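Below is one structure, written out as structure tokens, with a few remarks after it.
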Amino acid sequence: KAGDSVRFVMDIEGLGYGEALRHLAKKYGIDIQEEEMTDDQILRQNERESLFIMLDYAKEYFKKQLHDTEEGRSIALPYFKERGFSDSTLQAFDLGYSPEAWDALLKSALKPGFSQEIIEKAGLVTQKNEEGKVYDRFRNRVIFPIHNVSGKIIAFGARILRNDAKSSQAKYLNSPETEVYHISSSLYGIHQAKNELRRLDVCYLVEGYTDVMACHLAGITTAVATCGTAFGDDHIRIIRRLLMDADTFRGEVIFTFDGDAAGQKAAMK
């Protein structure tokens with residue numbers, strides 16, 4: 001693939017051009033002169049950075065709810081333990097818990113000064129009714145943070161804990177698309193797998209978040225999953241970048257979807 005060192009960092013770390021320049025400058029102690037940006041460019045850059053800060057705050061909030069509250073330890077932690085996930089796995093994937101309260105995260109995020117607008121743009125709250133009242137998008141669910149290639153939090157997946165057949169709530173709930181999250185170009189577990197993908201030259205594509213974690217727990221450290229959508233061209237591009245030597249694709253992708261008819265049909269497609 002053509003390109004210079006900046007392009008390389010953009011591709012490998014999943015950064016924009018400006019972010020890649022700042023990343024390299026900071027790493028090598030180089031002062032960079034910022035060109036004057038238009039108001040619109042400044043607004044977009046600031047919003048993007050604010051979203052990453054907000055999403056990182058939410059990740060830490062959910063982790064604290066899982067490990068440091070009675071509700072999390074008694075309700076959510078057993079869900080992970082019953083599935084055999086170790087403490088190191090919980091930490092590696094930044095797993096968390098969102099409490100049952102309607103607006104616990106919203107209230108928590110407003111205290112240190114996050115605006116309701118940026119909380120909404122991060123996809124963490126949603127409107128309850130026409131009056132404009134908002135509440136936490138994820139409630140009483142275990143939380144699976146979704147990282148980009150460079151490790152920044154870009155979204156969340158959440159699984160309901162109650163197994164009530166009469167419940168109208170979806171089993172899994174995901175963040176909406178935002179300025180930093182595009183579902184068709186996001187792979188769950190890609191940050192945790194990227195170094196091993198380069199080393200082992202094989203990628204296992206599984207169906208869900210817990211499948212990825214189970215694979216890592218079993219020593220299969222190159223497993224990734226789509227975030228609730230079909231496997232597409234953008235997903236292929238991400239994997240190709242990590243399994244390429246110059247212009248040669250050196251690896252393989254093994255589809256290990258569920259063994260039922262739906263899973264096999266999706267794999268063949």
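The values are calculated or read from the model by the stated rules, or taken from the named source; none is laboratory data. Quick caveat, the model's predicted, so the values are computed rather than measured. Here Cβ is always computed from backbone atoms with ideal geometry, including for glycine, and neighbour counts include all displayed protein chains. Please note that ligands, DNA and RNA were not included when accessible areas were found on the heavy atoms of the full protein model with its side chains. Shrake-Rupley method; radii C 1.70, N 1.55, O 1.52, S 1.80 Å.
Worth a mention:
- For a straight C-alpha distance cut-off of 22 angstrom, the lysines reachable from Lys81 (same-chain residues fewer than eight places away being disregarded) are Lys59, Lys63, Lys64, Lys171.
- Distance in nm between pseudo-label sites at Ala218 and Tyr172 (7 Å out along the Cβ direction from Cα): 1.8
- Theoretical FRET efficiency, 1/(1+(r/R0)^6), r = Cβ-Cβ of Glu179 and Leu200, R0 30 Å, to 0.05: 0.35
- Across the chain, the longest run free of exposed loop sites, meaning GluC sites (Glu not before Pro) lying outside DSSP classes H, G, I, E and B with no more than 15 other Cβ atoms within 10 Å, spans 180-269.
- Size descriptors for the stretch 82-211, from the alpha-carbon set: Rg then Dmax equal 16.2, 53 Å.
- Put simply, the stretch 1-88 fits an ellipsoid with semi-axes of 38, 18, 11 Å; these come from the alpha carbon gyration tensor as the roots of five times its eigenvalues, largest first.
- Karplus (6.51, -1.76, 1.60) ³J(HN,Hα), θ = phi - 60°, over the stretch 218-230, in Hz, Gly and Pro reported as x: 8, x, 8, 8, 10, 8, 9, 9, 6, 9, x, 9, 5
- Cα-only radius of gyration and Dmax that characterise the stretch 198-269, units Å: 12.5, 38
- Interchain or long-range residues, amide H under 5 Å from Leu124's placed H: none
- In straight-distance terms, cross-link reach from Lys265 covers every one of the aspartates and glutamates whose alpha-carbon lies under 16 Å from its own, apart from those fewer than eight places away in the same chain; here that gives Glu207.
- Within a Gaussian network of the chain (alpha carbon springs, distance under 10 Å), most fluctuating of Ile254, Ile160, Ile146: Ile254
- Here the calculated FRET efficiency for Asp260 and Glu82, from their Cβ-Cβ distance with R0 = 25 Å, stands at 0.65, rounded to the nearest 0.05.
- Cα shape, the stretch 136-208, gyration tensor, a/c 1.5 rule: prolate
- Taking every alpha-carbon pair within the stretch 69-117, the share separated by more than 16 Å comes to 53 percent.
- Bridge orientation summary for the chain: considering DSSP beta bridges with both residues in this region, about 75 percent are antiparallel.
- Note on surface exposure: Met10, Met268 rank Met268, Met10 by accessible area, highest first, 1.4 Å probe.
- The chain, accessible area per residue, ligands and nucleic acids excluded (1.4 Å, Å²): 55
- Ellipsoid fit via the Cα gyration tensor, the chain: semi-axes of 30, 27, 17 Å, each the root of five times an eigenvalue, largest first.
- Cα centroids of the stretch 215-269 and the stretch 85-117: 29 Å apart.
- Across the accessible surface of the stretch 36-183, with the other protein chains kept in place and a 1.4 Å probe, carbon and sulfur atoms take up 47 percent.
- In percent, rounded to a whole number, the relative contact order of the chain is 15, using alpha-carbon pairs under 8 Å and six or more apart.
- Extent of the stretch 140-269 along its three principal axes (Cα atoms, max minus min coordinate, largest first): 53, 35, 27 Å.
- Cut-off under 5 Å, modelled amide H: who pairs with Val253 long-range: Cys203
- Computed about the Cα centre, the dipole magnitude for the stretch 99-253 is approximately 400 debye when only Lys and Arg (+1) and Asp and Glu (-1) carry charge, each at its Cβ.
- Taking a ≥ b ≥ c as the square roots of the eigenvalues of the Cα gyration tensor, the stretch 28-147 is classed as oblate, since a/c reaches at least 1.5 and a/b does not exceed b/c.
- Each 10 Å bin from zero holds the following percent of Cα-Cα pairs in the stretch 175-230: 26, 51, 21, 2.
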